[in-house]
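Working notes, structure below.
Just so you know, all these numbers are worked out from the coordinates, no wet-lab data involved. Keep in mind the model is a prediction, meaning the values are calculated, not measured. No Cβ is skipped: glycine too gets one built from the backbone with ideal geometry, and neighbour counts run over all protein chains shown.
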Amino acid sequence: MEKVILYIHGKNGSYMEVEQYKKNCMGFDMVGIDYQDDVPWGVRDQIRAAYDKACERYNHIYIIANSIGAYFAMHALQNCDIEKAFFISPVLDMERLILDMMRWADVSERELREKELPV
């Protein structure tokens, strides 16, 4: 087979979610990426390793990514040869998301600095 879809799950998701797409993606091999981290630089290496492995076997690589998985995909694969990427509820602006979450929690950057928490 020369076509593969790499599936990148969202927060609290699972690489096994790839199974729900198989019936609609005939003619493709499908691989769920089982990343074990939750920070972009940690996930980047895991996604990139899966992409590099796929490149050894497939001529055409597609992406399906969900939520934060879409952000991780954009971060990890921005210079890679991807046929198409399908993003489901993508996080496009991480800084805005973090600032919004801080606002919802009524926490300021100054408070985080005082508690020596990373901003």
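Note on VAL39 and HIS60: their simple-model spin labels are 3.9 nm apart, each label 7 Å out from Cα toward Cβ. The overall shape of segment 3-88, judged from the alpha-carbon gyration tensor, is oblate: a/c is not under 1.5, and a/b is no greater than b/c.
For LYS115, the aspartates and glutamates whose Cα comes closer than 18 Å to its Cα, not counting residues fewer than 8 places off in the same chain, are ASP106. Against the chain, whose longest principal axis is taken from its Cα atoms, helix 94-104 shows a tilt of about 40°. At a Cα cut-off below 25 Å, give the lysines reachable from LYS23, other chains included and same-chain residues fewer than 8 away excluded. Result set, ordered by chain and number: LYS3, LYS11, LYS53, LYS84.
Scanning residues 5 or more positions from ILE63 or on other chains, those with amide H under 5 Å from its amide H are LEU6, LYS84, ALA85, PHE86, with H placed 1.01 Å from N in the peptide plane.
Each residue, ARG110 and GLU2, gets one label point 7 Å from its Cα in the Cβ direction; the gap between the two is 6.2 nm.
Couplings for segment 32-37, taken from phi via the Karplus curve 6.51 cos²θ - 1.76 cosθ + 1.60 with θ = phi - 60°, read x, 8, 8, 7, 10, 10 Hz in order; Gly and Pro are left as x.
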